[in-house]
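One structure below.
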Amino acid sequence: MSSSHALPSPPPLDRLAGDAPLALFLDFDGTLVELADTPDGIHVPPTLCERLKALADRLEGRLALVSGRALADIEEHLPGIAVARAGSHGAARKYPEGRWLGEEPKGLPAVVTDAMRGIAERDGLLYETKSHGGALHYRAGPEKGPAVLAFAQDLADEHGLAVKTGRAVVELVRPGADKGGAVRAFLATPVFAGAQPWFVGDDVTDDDGFSACSDLGGGGVLVGDRENSTADFALANVARTIEWLGL
């Protein structure tokens, strides 16, 4: 594990997988679009959807978005998206045309969402409802992070849930929701089968994708500067990532 300062830049995209067919798995926030203070505050270039489809066509369909956002949220920000995609940290998966790959994930019990809404209102946090879980954002008060994490861990232990952490956000999800699972699910489909997989992402949750790709003969590309990543290569920022992907 290392900081992105110690990681080399990836080779050009057309050389990344050598002679093997390449499969790409792309995070969304902090990778394809800049992070914002709130989930709805991101700016999505109007042509991004079209450009992603063009990249997927170049890869003969072996491209998937894998985001912590709910699929409905991704589809709202990318209207008309026609590439494979996974939301809810990989637990919800769809083929390019919109058919489900596997089952739609279940939401959290009402008692859990009520507790999360309660602490958000009391402590000035932003609560985000997700189809698979819920998120507490504390970007406006970073000093609240340890208390939010402790609260979420206690709630998860009580109800048999899992905790996901990211940049100024703590989420509660059902066990088994991780981006590595999405990678494995897509690679088991005919379009992706036999490809060398590479995951591109910026956050801690993307390490699950990096590790899955590494186990399956590929690896990970970290976007930005983060300690203790399992990635093989690094790109400085979103702009450099867009350039490298040819978007």
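Every number here is computed from the coordinates shown, using simple stated rules; none is lab data. All values derive from a computational prediction rather than experimental measurement. Cβ sites come from the backbone with ideal geometry, for glycine too, and all protein chains shown count toward neighbours.
Tabulated data for the structure shown
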item	result
Length released on extending from Tyr127 to Val111, taking residue separation times 0.36 nm less the Cα-Cα span	4.3 nm
Neighbourhood net charge (13 Å Cβ-Cβ; Lys/Arg +1, Asp/Glu -1) for Lys106	0
Helical contribution to [θ] at 222 nm, DSSP H n ≥ 4, -39,500 (n - 2.57), averaged over the chain, rounded to 500	-9000 deg cm²/dmol
For region 110-173, alpha-carbon Rg over 2.2 N^0.38 Å	0.97
Given charges at Cβ of Lys, Arg, Asp, Glu: region 110-173 dipole, positive-most of Val148, Tyr127, Gly166	Gly166
Label-point separation in nm, Asp37 to Val204, each point 7 Å along Cα→Cβ	2.4 nm
Arg240-Glu76 FRET efficiency (beta carbon distance; Förster radius 25 Å; 0.05 resolution)	0.40
Nearest-20 debye value, the chain charge dipole, Cβ charges on Lys, Arg, Asp, Glu	440 debye
Rounded D (µm²/s) - the chain, Kirkwood Rh over Cα pairs, Stokes-Einstein at 25 °C, 0.890 mPa s	135 µm²/s
Inter-centroid distance (Cα atoms) of region 103-160 relative to region 78-94, Å	23 Å
Extension gain, Asp14 back to Ala54 (0.36 nm per residue minus Cα-Cα distance, nm)	12.9 nm
Spatial separation of Cα centroids for region 216-232 and region 191-207, in angstrom	10 Å
